[in-house]
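Enquirer: Encoded as C-alpha cells, here's the structure I'll be asking about.
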Amino acid sequence: MTGNLLCRDAAIEIPLICGAMYPCSNPELVAAVSDAGGIGIVQPISLTYVYRHEFRAGLRLIKQLTPKPVGMNALIEASSRRYHEKMVEWVTIALEEGLRFFITSLGNPRWVCERVHAAGGKVYHDVTERKWALKGRDAGVDGLIGVNRRAGGHAGPLSAEHLLAEVADLGLPVVCAGGIGDQHDFAAVRRMGYAGAQLGTRFIATVECRASEAYKQAILDADEDDIVLSERITGVPVAVINTPYIQRMGLKAGRLARWMLRGKRTKHWMRTFYALKSIWQLKRASLDESGEKDYWQAGKSVAKIDRIEPAGEIVRRFGAAVKGNG
Ligand SMILES: Cc1cc2nc3c(=O)[nH]c(=O)nc-3n(C[C@H](O)[C@H](O)[C@H](O)COP(=O)(O)O)c2cc1C
C-alpha cells in the first residue's frame, strides 16, 4: 500500500472508487472494482429493491465474490423517519459484516461518523460546495468527495479546480467526482492535488454492470453536449442523456411541483413523492432492454467512453497511469 490517504483510509491499492449508483450498483460490479484493487460502493436501495437481495445476504454475496474491502453509501436525507431508521439498520448490518469505509451524501453525517469510528472505520462525505464541506468536517468526517459540475447523478455547480480550491485548506483528503472518463483524466486530477477519484458513468459501460445494453450503448454514443440537467426525476437537477423521451418530457419540474417544493410543509410531501416515483422509474428504465423508456443518468465523462469492458481492466489501467505517483 502507498502513502496515499484514500488508499490508507479505504485499505485499497489504487485510489479509485466506483461510486454508489442507484439503480446501477449491482453486487457483481461492486465486487469487480474492489477485486481489482479499487473500491466498489454498495448502494443499499439498489441492492435490496433493484437487485432483490436481502441486505445482509447481498453483502455476503459480494464477500463471496471478493475478499477485498467494499464500501457503503449512506444517503442521509432526514425528511422521513422510516427511511432514517432503515439507514441506521443498514449501517449497523454493514459494520457487522465487516465494512469499514462509508460514503455519506446529503444531511448531517455525525451519527454515521460516531458509529463507524467506534468500529475503527472511515467516513468520506459527498460535497458540492465549501459550506457542505464545513458541515462534514464539523461532524467528524475523514475525507471529502468533491462532486463537480461534470458529474453524473446530482452534479454540483463548480469545476473540479474551483471545488478543490474551496476545500483544500480543511486538512482532509479530497476525492474528485465528475467527468473522469479515462486514465489521462484520472492522472490529471491526481496531479491537481486530489487524493483519488470517484467514477460513476464509466463503470456503467462495463461487462459486470447489469444496466440494459441499450443504456450502455447510449453512453458509448453520447457526447458531452448530449448531457442535460433534468428536474423531472427528483425535483432537483440530475444529469441525464438527452434522449427523445427526455426531450418529450421537458427538463423543468411542473408548475404544481415547483409550487409545492417552495412551500414549507408541502415540500416534504413533494420530495417524498419524487423519491418514490424516481426510485420506480429509474429502476424500470435502467433494466428495460427495449430502450423505449430512455431515461438514463450519465455525466459528461461519456465523451471519453468508447467501449464496454470488464470493470477490473479499467481499474488496472487507471492504476498503471498513476503508478509511482503515491
Ligand atoms: C446512474 C447514476 C446513479 C447515481 N446514484 C447515486 C447514488 O445513489 N448515491 C450517490 O451518492 N451518488 C450517486 N451517483 C453519483 C456517483 O456516485 C458519482 O459520484 C458520479 O457518478 C461521478 O461522476 P461521473 O458519473 O462523471 O463519473 C450516481 C451517478 C450515476 C451516473
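Table: residues versus (1) free of Cβ contacts under 8 Å to residues at least 24 places away in the same chain; (2) within 11 Å of the ligand (Cβ to nearest atom); (3) among the small types (Gly, Ala, Ser).
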site	(1), (2), (3)
156	no, yes, yes
160	no, yes, yes
170	no, no, no
175	no, yes, no
183	no, no, no
194	no, no, no
214	no, no, yes
218	no, no, yes
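Enquirer: Another question, if that's okay. Would you say residue 40 is modelled with pLDDT under 95, not basic (Lys, Arg) and not in a helix (DSSP H, G or I)? If you could, list the steps in order and put the result at the bottom.
Expert: Values: modelled with pLDDT under 95: no; not basic (Lys, Arg): yes; not in a helix (DSSP H, G or I): yes.
It is false that residue 40 is modelled with pLDDT under 95, not basic (Lys, Arg) and not in a helix (DSSP H, G or I).
Enquirer: How about region 220-231: which of its residues are over 13 Å from residue 309 (Cα atoms) and touching a residue at least 60 places away in the same chain (Cβ under 8 Å)? Walk me through it before giving the result.
Expert: Pass one, region 220-231, residues over 13 Å from residue 309 (Cα atoms): 221-231.
Result: 222, 223, 224, 226, 227, 229.
Enquirer: To continue, here is another question. Taking residue 40, is it touching a strand residue (DSSP E or B) at 6+ places or on another chain (Cβ under 8 Å), over 17 Å from residue 103 (Cα atoms) and not polar (S, T, N, Q)? Show your work before the answer.
Expert: Numbers: touching a strand residue (DSSP E or B) at 6+ places or on another chain (Cβ under 8 Å): yes; over 17 Å from residue 103 (Cα atoms): no; not polar (S, T, N, Q): yes.
Considered against the rule, which asks whether it is touching a strand residue (DSSP E or B) at 6+ places or on another chain (Cβ under 8 Å), over 17 Å from residue 103 (Cα atoms) and not polar (S, T, N, Q), residue 40 comes out as no.
Enquirer: Turning to a different aspect of this structure: Restricting attention to region 55-78, which residues are more than 16 Å from the ligand (Cβ to nearest atom), assigned to a loop (DSSP other than H, G, I, E, B) and more than 12 Å from residue 97 (Cβ to Cβ)? Lay out the reasoning, then the answer.
Expert: Step one: of region 55-78, the residues more than 16 Å from the ligand (Cβ to nearest atom) are 56-57, 59-69.
Restricting the remaining residues to those that are assigned to a loop (DSSP other than H, G, I, E, B) gives 66-69.
Passing the criteria: 66, 67, 68.
Enquirer: Another question, then. Given the criterion within 15 Å of the ligand (Cβ to nearest atom) and not polar (S, T, N, Q), identify the matching residue among 7, 24. Full working, then the answer.
Expert: Numbers: 7 fails: within 15 Å of the ligand (Cβ to nearest atom).
So the residue among 7, 24 that is within 15 Å of the ligand (Cβ to nearest atom) and not polar (S, T, N, Q) is 24.
Enquirer: Here is a further query. Within region 165-173, is there a residue that is at negative phi, in contact with an Asp or Glu (Cβ under 9 Å, 6 or more places away or on another chain) and buried (at least 23 other Cβ atoms within 10 Å of the Cβ)? Lay out the reasoning, then the answer.
Expert: If we filter region 165-173 for residues that are at negative phi, which is where we start, we get 165-170, 172-173.
Subsequent filtering for residues that are in contact with an Asp or Glu (Cβ under 9 Å, 6 or more places away or on another chain) retains 166-167, 172-173.
Then keep just the ones that are buried (at least 23 other Cβ atoms within 10 Å of the Cβ); that gives none.
No, because not a single residue in region 165-173 is at negative phi, in contact with an Asp or Glu (Cβ under 9 Å, 6 or more places away or on another chain) and buried (at least 23 other Cβ atoms within 10 Å of the Cβ).
Enquirer: For region 143-167, enumerate the residues that are more than 11 Å from the chain's Cα centre (by Cα), part of a loop (DSSP other than H, G, I, E, B) and not polar (S, T, N, Q).
Expert: Scanning region 143-167 gives 149, 150, 156, 157, 158.
Enquirer: State the number of residues belonging to region 123-154 that are away from the ligand (no atom under 13 Å from the Cβ) and touching a residue at least 60 places away in the same chain (Cβ under 8 Å).
Expert: Residues flagged as away from the ligand (no atom under 13 Å from the Cβ) and touching a residue at least 60 places away in the same chain (Cβ under 8 Å) within region 123-154 amount to 2.
Enquirer: If a residue has to be part of a helix (DSSP H, G or I), within 13 Å of the ligand (Cβ to nearest atom) and either within 27 Å of residue 235 (Cβ to Cβ) or at pLDDT below 75 (or both) to count, how many in region 268-326 make the cut?
Expert: Matching residues across region 268-326 total 12.
The values are calculated or read from the model by the stated rules, or taken from the named source; none is laboratory data. Since we're looking at a predicted model, the values are computed, not measured. Note that we place each Cβ from the backbone using ideal geometry, even for glycine, and neighbour counts take in every protein chain shown.
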